Amino acid sequence: MNCINFVVPMNPCACGYFPDRERCCCTEQEVSHYLGRISRPLLDRIDICTEVTGISYEELTEKQENETSAQIRKRVEYAHRMQQERYEGLPLHFNAYLNGNQTELYCPLGEKEQKLLKNAFGKLNLSARAYYKIIKTARTIADLEQEERILEQHLLEAIRYRLPGGAYWGRGV
Ligand SMILES: [Zn+2]
(Lines give C-alpha, C1' and ligand atoms only; values in the text may rest on other atoms or scores of the structure.)
Protein backbone atom coordinates (compact mmCIF):
# COMPACT_ATOMS: atom_id res chain seq x y z
CA MET A 1 0.00 0.00 0.00
CA ASN A 2 1.76 3.14 -1.09
CA CYS A 3 -0.97 5.67 -0.72
CA ILE A 4 -0.28 8.95 1.00
CA ASN A 5 -2.99 11.50 1.67
CA PHE A 6 -1.98 15.06 1.06
CA VAL A 7 -3.12 18.22 -0.66
CA VAL A 8 -0.77 20.12 -2.94
CA PRO A 9 -1.94 23.65 -3.69
CA MET A 10 -0.10 25.55 -6.39
CA ASN A 11 -0.38 28.97 -7.96
CA PRO A 12 -0.72 29.08 -11.75
CA CYS A 13 2.29 31.43 -12.06
CA ALA A 14 4.74 33.38 -9.93
CA CYS A 15 2.41 36.36 -9.44
CA GLY A 16 -0.60 34.08 -8.94
CA TYR A 17 -3.02 35.79 -11.33
CA PHE A 18 -2.61 33.80 -14.57
CA PRO A 19 -4.72 33.44 -16.76
CA ASP A 20 -6.15 36.86 -15.80
CA ARG A 21 -4.03 38.87 -18.25
CA GLU A 22 -5.19 42.20 -16.80
CA ARG A 23 -3.49 41.36 -13.51
CA CYS A 24 -0.84 38.74 -14.38
CA CYS A 25 2.46 40.34 -15.30
CA CYS A 26 4.30 37.09 -16.20
CA THR A 27 5.42 36.32 -19.75
CA GLU A 28 4.21 33.12 -21.47
CA GLN A 29 7.69 31.69 -20.99
CA GLU A 30 7.68 32.48 -17.27
CA VAL A 31 4.26 30.81 -16.88
CA SER A 32 5.47 27.73 -18.77
CA HIS A 33 8.61 27.56 -16.66
CA TYR A 34 6.60 27.94 -13.45
CA LEU A 35 4.09 25.18 -14.35
CA GLY A 36 6.90 22.98 -15.67
CA ARG A 37 8.23 22.62 -12.13
CA ILE A 38 5.49 20.01 -11.59
CA SER A 39 6.00 17.30 -14.19
CA ARG A 40 3.28 15.25 -15.86
CA PRO A 41 4.54 12.00 -14.20
CA LEU A 42 4.20 13.66 -10.80
CA LEU A 43 0.70 14.95 -11.63
CA ASP A 44 -0.17 11.42 -12.72
CA ARG A 45 0.46 10.21 -9.16
CA ILE A 46 -2.01 12.65 -7.62
CA ASP A 47 -5.57 11.27 -7.30
CA ILE A 48 -7.48 14.47 -7.96
CA CYS A 49 -6.18 17.46 -9.90
CA THR A 50 -8.41 20.47 -10.29
CA GLU A 51 -8.01 24.10 -11.22
CA VAL A 52 -9.69 26.71 -9.07
CA THR A 53 -10.34 30.18 -10.37
CA GLY A 54 -10.60 33.35 -8.30
CA ILE A 55 -13.91 34.49 -6.93
CA SER A 56 -15.42 37.93 -7.47
CA TYR A 57 -16.89 40.13 -4.72
CA GLU A 58 -20.36 39.58 -6.22
CA GLU A 59 -19.96 35.78 -6.18
CA LEU A 60 -18.63 35.89 -2.64
CA THR A 61 -21.49 37.94 -1.27
CA GLU A 62 -24.26 36.38 -3.36
CA LYS A 63 -26.81 34.64 -1.17
CA GLN A 64 -27.48 31.13 -2.37
CA GLU A 65 -28.65 27.88 -0.91
CA ASN A 66 -25.47 25.83 -0.60
CA GLU A 67 -25.04 22.52 1.14
CA THR A 68 -23.98 23.18 4.73
CA SER A 69 -20.82 21.75 6.28
CA ALA A 70 -22.99 19.56 8.51
CA GLN A 71 -24.78 18.12 5.46
CA ILE A 72 -21.49 17.48 3.68
CA ARG A 73 -20.09 15.83 6.80
CA LYS A 74 -23.08 13.48 6.90
CA ARG A 75 -22.53 12.45 3.28
CA VAL A 76 -18.81 11.87 3.88
CA GLU A 77 -19.50 9.77 6.97
CA TYR A 78 -22.00 7.69 5.02
CA ALA A 79 -19.45 7.19 2.22
CA HIS A 80 -16.86 6.08 4.81
CA ARG A 81 -19.30 3.56 6.23
CA MET A 82 -20.06 2.19 2.74
CA GLN A 83 -16.35 1.69 2.16
CA GLN A 84 -15.74 0.08 5.53
CA GLU A 85 -18.55 -2.40 4.86
CA ARG A 86 -17.32 -3.08 1.32
CA TYR A 87 -13.79 -3.86 2.51
CA GLU A 88 -14.69 -5.67 5.70
CA GLY A 89 -12.04 -8.25 6.49
CA LEU A 90 -9.45 -6.59 4.24
CA PRO A 91 -6.52 -4.58 5.59
CA LEU A 92 -7.87 -1.42 3.94
CA HIS A 93 -10.79 0.91 4.55
CA PHE A 94 -10.91 3.30 1.62
CA ASN A 95 -11.24 3.12 -2.16
CA ALA A 96 -7.95 4.95 -2.63
CA TYR A 97 -6.01 2.01 -1.17
CA LEU A 98 -7.18 -0.60 -3.70
CA ASN A 99 -4.56 -2.11 -5.98
CA GLY A 100 -5.32 -2.92 -9.63
CA ASN A 101 -6.81 -6.39 -9.02
CA GLN A 102 -8.86 -5.19 -6.07
CA THR A 103 -10.15 -2.28 -8.14
CA GLU A 104 -11.39 -4.71 -10.80
CA LEU A 105 -13.03 -6.85 -8.12
CA TYR A 106 -14.64 -4.19 -5.94
CA CYS A 107 -15.38 -1.51 -8.53
CA PRO A 108 -16.97 -3.38 -11.44
CA LEU A 109 -18.19 -1.31 -14.38
CA GLY A 110 -21.27 -1.90 -16.50
CA GLU A 111 -21.04 -2.22 -20.27
CA LYS A 112 -21.77 1.46 -20.99
CA GLU A 113 -19.28 2.59 -18.36
CA GLN A 114 -16.55 0.27 -19.70
CA LYS A 115 -17.07 1.68 -23.18
CA LEU A 116 -16.84 5.26 -21.90
CA LEU A 117 -13.59 4.53 -20.07
CA LYS A 118 -12.13 2.69 -23.05
CA ASN A 119 -12.79 5.73 -25.25
CA ALA A 120 -11.29 8.10 -22.70
CA PHE A 121 -8.23 5.88 -22.28
CA GLY A 122 -7.48 6.04 -25.99
CA LYS A 123 -8.37 9.70 -26.55
CA LEU A 124 -6.60 11.07 -23.51
CA ASN A 125 -3.61 8.76 -23.68
CA LEU A 126 -4.07 7.75 -20.05
CA SER A 127 -1.57 5.65 -18.10
CA ALA A 128 -2.50 2.42 -16.29
CA ARG A 129 -2.10 4.36 -13.05
CA ALA A 130 -4.56 7.02 -14.25
CA TYR A 131 -6.99 4.29 -15.41
CA TYR A 132 -7.28 2.80 -11.91
CA LYS A 133 -7.31 6.20 -10.22
CA ILE A 134 -10.31 7.20 -12.36
CA ILE A 135 -12.25 4.07 -11.35
CA LYS A 136 -11.42 4.51 -7.65
CA THR A 137 -12.32 8.21 -7.71
CA ALA A 138 -15.57 7.38 -9.55
CA ARG A 139 -16.33 4.79 -6.86
CA THR A 140 -15.84 7.48 -4.19
CA ILE A 141 -18.08 9.94 -6.06
CA ALA A 142 -20.73 7.21 -6.29
CA ASP A 143 -20.33 6.52 -2.55
CA LEU A 144 -20.85 10.21 -1.80
CA GLU A 145 -24.09 10.01 -3.78
CA GLN A 146 -25.02 6.79 -1.97
CA GLU A 147 -25.12 5.02 -5.31
CA GLU A 148 -24.39 1.27 -5.40
CA ARG A 149 -23.16 1.28 -9.00
CA ILE A 150 -20.52 3.41 -10.67
CA LEU A 151 -22.40 5.30 -13.37
CA GLU A 152 -21.22 7.23 -16.42
CA GLN A 153 -21.63 10.57 -14.63
CA HIS A 154 -19.29 9.39 -11.86
CA LEU A 155 -16.66 8.33 -14.39
CA LEU A 156 -16.97 11.60 -16.31
CA GLU A 157 -16.44 13.60 -13.13
CA ALA A 158 -13.46 11.42 -12.16
CA ILE A 159 -11.95 11.85 -15.65
CA ARG A 160 -12.18 15.63 -15.24
CA TYR A 161 -10.07 15.32 -12.09
CA ARG A 162 -7.33 13.60 -14.11
CA LEU A 163 -7.06 16.49 -16.52
CA PRO A 164 -5.26 19.44 -15.08
CA GLY A 165 -5.78 21.05 -18.44
CA GLY A 166 -7.97 24.04 -19.00
CA ALA A 167 -6.25 27.29 -18.38
CA TYR A 168 -2.92 25.96 -17.10
CA TRP A 169 -1.25 22.69 -18.12
CA GLY A 170 -3.64 22.40 -21.08
CA ARG A 171 -1.70 25.16 -22.81
CA GLY A 172 0.73 22.53 -24.06
CA VAL A 173 3.28 23.16 -21.33
ZN1 LIG B 1 1.57 35.80 -13.37
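What does the convex hull of the Cα atoms of the stretch 15-173 come to per residue, in Å³, rounded to a whole number? If you can, show how the numbers build up before the last one.
Values: hull volume 23.8 nm³, N = 159.
Spread over its residues, the Cα hull of the stretch 15-173 gives 149 Å³ apiece.
Accessible surface of residue 47 in the full protein assembly, 1.4 angstrom probe, to the nearest 10 Å²?
Approximately 50 Å² of residue 47 is accessible to the 1.4 Å probe.
Over the stretch 72-160, what is the relative contact order in percent, taking alpha-carbon pairs closer than 8 angstrom and at least six residues apart?
Details: 77 pairs, mean separation 30.8, N = 89.
Over the stretch 72-160, the number comes to 35 percent.
Ignoring ligands, DNA and RNA, how do 25, 15 rank by accessible area with a 1.4 Å probe, largest first?
On the way: 25 110, 15 45 Å².
Of 25, 15, the descending order of accessible area is 25, 15.
How much mean residue ellipticity at 222 nm does the chain get from its helices, if each DSSP H run of length 4 or more adds -39500 (n - 2.57) and you divide by all residues, to the nearest 500 deg cm²/dmol? All intermediate terms of the calculation are to be shown ahead of the outcome.
Values: 8 runs with 82 residues, N = 173.
Result for the chain, helices only: -14000 deg cm²/dmol.
I want to check a number: in the chain, how many lysine pairs have alpha carbons closer than 28 Å, given a sequence separation of 8 or more or different chains?
13
Treating the angle as unsigned and between 0 and 90°, give the value, to the nearest 10°, between the Cα long axis of helix 111-123 and the longest Cα principal axis of the chain.
30
The values are calculated or read from the model by the stated rules, or taken from the named source; none is laboratory data. All values reported here derive from a predicted model rather than from experimental measurement. For the accessible areas, the whole protein counts, side chains as well, though only heavy atoms, and no ligand, DNA or RNA atoms are used. Shrake-Rupley method; radii C 1.70, N 1.55, O 1.52, S 1.80 Å.
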